Amino acid sequence: MMVGNINFARVAAYLLVVSCLHPARAATLLPTPININGTSYSEQVTLSEVTLQIYNIIPPVLLGVYYNVRIQLESTQGLAGFYCNPSWGGQPDETNTIAQPKNAVWETDNSQSNNLTISANDPLYLQPNTATSAILSGLPSSANAYQPAFNCSAINPSTAGTAVFTLTVTFDANNRTLSAVEGESLTSIYTSCCTDISSCTSWRNRTQGVAPYRNFCQFAGQYCTPTGRLQKLDLTSFGLKCSFAPASLATFSSLETLILSENPGLTTSLATMMSQLANLPTLRRLELKHSSAISGPLADADPDTSSGLCTAVQNGLQYLDFGNMQLTGSLPSCLLAAPGTLSQLDLSNNNLTGSIPDTIPANSSLFGMALASNSLTGTLPKTLSSASMLSNLDLDNNQLEGSIPADFGTGMSLLSTVDLSKNALTGALPSPVGTSTSLTSLDVSSNQLTALPIEWSEGFANASQSSLLRIFLQQNQIQSRFPAALAGLPQLLMFNASDNRLSGALPSVSGMFSQTQALEVSSNLLIGPIPPEFSSVGALNKSLADVLVTPNTPLQRVLDLANNNLTGGVPVFLEKSAVPAMLKISLVGNRLIADCGSTSFSYLDMCDQVLNSSNIAAAPLPVPSSVPAELTAATPVAVVQPVAATPPANASQVASQSGGVAAASTKSGIGSGAIAGIVVGALVAVAVAAAATVMYLKRQRSHKRSLLRMQSSGAFSRFEDF
């Protein structure tokens, strides 16, 4: 099977990273797919660390009836996720990317009990009548062109533990009818929230006459039990416009998933809504993101005991997404304190205040926590490392302070992405997180950190097993030698440590930063030459394949060494003909030497400034207009090194030396004109010194303008997401 482009920052398994960076190696690691063809399937599965199993699920098609696919994972050890993408022709689409976290149409949430439903009403089911003859003509003769199929994978992202689970796949005919009582509830929602002509378009298109379409068992994105009870109700982007009456949801007694996202015209208080939803005994997934008119505090005045939100969590809510709303108040401790229930929590982009409760239990099932872009204060909870199942942590753009707990990362074998940027954190980056083999992305930029893990300078035993792809340390106060051990990380794509106080020489390690396509260490205190070993940096390697941010957009290659104290000549491997055409390179603000008059180096930003660092002047030195023309000829300008003079023994000796010079001048026939020439020469020397001072000041101003140009163009900005 061909392996497509991997979404690096979000993939949870090291194996999938390897499959993109090292396709040949991946071919030996990918398992043989298991075919589940039209009949129920149940098997206990054991996945070792960072491995996956691929499944081809092919539902039956009988007499034009398309079957729902119901997938269940019951974990007995560790956590595994299940991910699926659509296909066609009764076989997997081998050009598709492997289904994986955040790159799958249907995916589970890595909780102890996972249910995934593929409804036959889903437009992405790819029913045969949507296939064109052009597509069908490309199928092998053995394929059934009228058979839907799904490419799925079970993934164990842990680097330190085996996942054991029972996988059950069942198929049921899509011929169910919604119960009458739940149909009445849907009618109530329709008449209240779909009165505007621009609202509920897809629902209106299915509605005949005045009475709304009610059989949501046959509606795209929904799913019902065999008795006609909704298990999944998805009204995403329906355009609901009303003061929502959550009492209408109380009849959905079997509801597991409720999604009301992307409905900005839906108004109510969150407390009112949760007071009703808390009574749904089977609710496991709740999404209200981007429904910004649902407002108010996140919890009641007594959030730990009486709120509907806490009741829902205590009743088994596993997935909660209230991102991009207008919620206020503090975080109730119940969200983090409940053991073995909540696995995904997203409250990002709200107006939450207060501190993060320090109540995470040792048996927490928390897998992902996003609290970014709020106004949270205080310190990071000391119990953060108790969340041993945590994979994704995003707390950026808050007002958190204090140090990162020293044990953060210990025992967290699933930890994949950490974003603590844009806070006021101080102290050192802890060693456990810095040496984690499961971590793929680390962003602690724009804080006040002062130290790095000592292992990053002295080396660590498991560096060759590191999964780190992105490290962002810029805009801190880090005082350290260059973290040379990072140069050997096998998969590091992006490293940014600009605007710190890194000192010492650049590392000179064979094969260093060989995969790194964006290396930025500007505005530090680095010294010495650019070592020959720097030629192995991935950003400079023309033969290294581009990493695609989107299907048509490669990751920008960057080498930024500006504003340090680097010396010596610019190496030949940085000549224009030697580097990739799309490379962004900055060497300005150092003491490097380059022939700026040649086409090989004239492209460098350091050559934009006259006398910036070049030992071959880009323009002749300015001289006073009164100097004779013969002294302004374009002759090479030699830098005269001062010679230490021996002090005269006494004043008479000085006088005798002066007399001697005068006598010699007379004997040589040098008259007053020559003496005037000497005076002019002295004036030229003064002028040269003044010109050098002026050029230095111009260089500083030009450098500042260069930085502003780079900042305004985004040339060396942080790559937020790829």
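The values are calculated or read from the model by the stated rules, or taken from the named source; none is laboratory data. Keep in mind the model is a prediction, meaning the values are calculated, not measured. Here the Cβ is made from the backbone with ideal geometry for all residues, glycine too, and neighbour counts use every protein chain on show. Surface accessibility is based on the protein's heavy atoms, side chains included, excluding ligands, DNA and RNA. Shrake-Rupley method; radii C 1.70, N 1.55, O 1.52, S 1.80 Å.
Does the range 482-500 contain at least one residue that is touching a residue at least 24 places away in the same chain (Cβ under 8 Å), open to solvent by 30 Å² or more (accessible area, probe 1.4 Å), among the polar types (S, T, N, Q) and outside any loop (DSSP other than H, G, I, E, B)? No, the range 482-500 has no match at all.
Taken over the range 69-79, residues that are at pLDDT 85 or above and either of a type in the set (A, V, I, L, M, F, W, C) or open to solvent by less than 20 Å² (accessible area, probe 1.4 Å) (or both) amount to 3.
Quick check on Ile471: is it of a type in the set (A, V, I, L, M, F, W, C) and without any contact (Cβ under 8 Å) to a residue 24 or more places away in the chain? When the stated conditions are applied, Ile471 does not pass them. One residue alone among Gln326, Gln318 is farther than 27 Å from Leu79 by Cβ, over 20 Å from the mean Cα position of the chain (by Cα) and open to solvent by 10 Å² or more (accessible area, probe 1.4 Å), and that residue is Gln326.
This table checks each residue for (1) at pLDDT 50 or above; (2) among the hydrophobic types (A, V, I, L, M, F, W, C); (3) open to solvent by 20 Å² or more (accessible area, probe 1.4 Å).
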residue	(1), (2), (3)
Ser586	yes, no, no
Ile593	yes, yes, yes
Gly597	yes, no, yes
Ser600	yes, no, yes
Ile616	no, yes, yes
Ala629	no, yes, yes
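Restricting the range 334-349 to residues that are open to solvent by less than 30 Å² (accessible area, probe 1.4 Å) and at pLDDT below 95 leaves a set whose member that is nearest to Leu288 (Cα to Cα) is Leu345. When the range 172-215 is filtered for residues that are of a type in the set (A, V, I, L, M, F, W, C) and either in contact with a Lys or Arg (Cβ under 7 Å, 6 or more places away or on another chain) or surrounded by 12 or more Cβ atoms within 10 Å (Cβ to Cβ) (or both), the ones remaining, listed by number, are Ala173, Leu178, Val181, Leu186, Ile189, Cys193, Cys194, Cys200, Trp203. The residues listed here are Ser536, Ser510; of these, the one that is at pLDDT below 95, hydroxyl-bearing (Ser, Thr, Tyr) and over 16 Å from the mean Cα position of the chain (by Cα) is Ser510. Scanning the range 543-571 for residues that are modelled with pLDDT under 95 and more than 19 Å from Met494 (Cβ to Cβ) yields Ser543, Pro551, Asn552. May I ask you to list pairs of residues, at least six apart or on different chains, whose Cβ atoms are under 8 Å apart, with the first in the range 172-183 being of a type in the set (Gly, Ala, Ser) and the second being part of a loop (DSSP other than H, G, I, E, B) and open to solvent by less than 30 Å² (accessible area, probe 1.4 Å)? That search, which allows pairs on different chains as well, returns Ser179/Gly228.
Of the strands (runs of 3 or more DSSP E) entirely within the range 387-439, those holding at least 1 residues that are among the hydroxyl-bearing types (Ser, Thr, Tyr) and open to solvent by 10 Å² or more (accessible area, probe 1.4 Å) occupy 401-403, 417-419, 424-428. Summed over the range 235-263, the residues that are over 35 Å from the mean Cα position of the chain (by Cα) and part of a strand (DSSP E or B) give a count of 2.
This table checks each residue for (1) at pLDDT below 90; (2) outside any helix (DSSP H, G or I); (3) closer than 21 Å to Thr282 by Cβ.
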site	(1), (2), (3)
Glu184	no, no, yes
Ile197	yes, yes, no
Val210	yes, yes, no
Leu233	no, yes, yes
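Is it the case that some residue within the range 443-460 is within 17 Å of the chain's Cα centre (by Cα) and of a type in the set (Gly, Ala, Ser)?
yes
Listed here are the residues, each with its yes/no results for (1) in contact with a Ser or Thr (Cβ under 8 Å, 6 or more places away or on another chain); (2) at positive phi; (3) among the β-branched types (Val, Ile, Thr).
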| position | (1), (2), (3) |
| --- | --- |
| Ala461 | no, no, no |
| Ser464 | no, no, no |
| Arg470 | yes, no, no |
| Gln477 | yes, no, no |
| Ser480 | yes, no, no |
| Gly488 | yes, no, no |
| Gln491 | yes, no, no |
| Asp499 | yes, yes, no |
| Val521 | yes, no, yes |
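Checking each residue in the range 216-256 for being open to solvent by 30 Å² or more (accessible area, probe 1.4 Å) and either touching a Lys or Arg at 6+ places or on another chain (Cβ under 8 Å) or hydrophobic (A, V, I, L, M, F, W, C) (or both) picks out Gln218, Ala220, Pro226, Ala245, Ala247, Ala250, Ser253, Ser254, Glu256. From the list Thr177, Thr162, Thr166, the lone residue that is within 24 Å of Lys232 (Cα to Cα), β-branched (Val, Ile, Thr), at pLDDT 80 or above and in contact with a Leu (Cβ under 8 Å, 6 or more places away or on another chain) is Thr166.
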